[in-house]
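Reading through the structure tokens given below for one structure.
Computed from the coordinates by the stated procedures, all read-outs in this text should not be read as laboratory data. All values reported here derive from a predicted model rather than from experimental measurement. Backbone-built Cβ (ideal geometry, glycine too); neighbour counts: all protein chains shown.
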Amino acid sequence: MASEATLSQGEHLVLKLHPHWKTLLRPILVLALIAVAAPALLIFLPSHEHTAAVRLAVGGVALLAAVIWFAIPLLRWWTTSYELTNRRLRLRKGILSREGRDFPLIRISDVSFSHGLLDRLLGCGRLVVESAGEHGQLVLTEIPRVQEVQSTLFQLVEDEQARLSREER
């Protein structure tokens, strides 16, 4: 999370986003499948002397599958953020260890977006940020309210360029 302590002097947070909730659809469907399949397997399990051990094994496998295919993607979604300040675009991700990348707004030369029919219906899309320098192009997928983010980012880039040109005078 962005706190005032991690921002430079005169910098303030304009927008903070997580990837669109669409990224959680597959993990939710997998969790639902596990929630249906594990009890069904236990109900139709034939009775024999090892029933308790087999039931415990089915429960353990179901729990492990739920952690791998639901909990980890949920944590990955929760810990990924896109922060837009009046000076930079900040990307943060990581569950146990954190990784971050900052793009100064003054280096951004172009901002565009695209979204297909499903993305338009769900209100998300792909944001492409062109940057001067060695990194070139940054493509962010599953951005919620991508048109709003694109126009806000574009306006902030213009404001930052105007601020810097005023300071040079």
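The table that follows gives values for the structure above.
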quantity: Other-chain or far-sequence residues with amide H under 5 Å of L89's (modelled H); calculated: F103, L105
quantity: Residues T51, T141, sorted so that the one with the fewest Cβ neighbours within 10 Å comes first; calculated: T51, T141
quantity: Fully extended contour minus Cα-Cα distance, from L45 to L25, at 0.36 nm per residue; calculated: 4.2 nm
quantity: Pairwise centroid distance, computed over Cα atoms, of the range 121-160 with the range 87-108, Å; calculated: 13 Å
quantity: Percent of C-alpha pairs per 10 Å bin, the chain, short to long; calculated: 9, 28, 26, 15, 11, 7, 3, 1, 0
quantity: GluC sites (Glu not before Pro) lying in DSSP loop within the range 1-97, provided at most 16 other Cβ fall within 10 Å; calculated: E11, E49
quantity: Gaussian network model of the chain, Cα within-10 Å springs - most flexible of S131, S47, S151; calculated: S47
quantity: FRET E, pair A132, R76, Förster distance 35 Å, beta-carbon r, rounded to 0.05; calculated: 0.70
quantity: Sites matching GluC sites (Glu not before Pro) across the range 87-141 that sit in DSSP coil, with at most 11 neighbouring C-beta atoms within 10 Å; calculated: E134
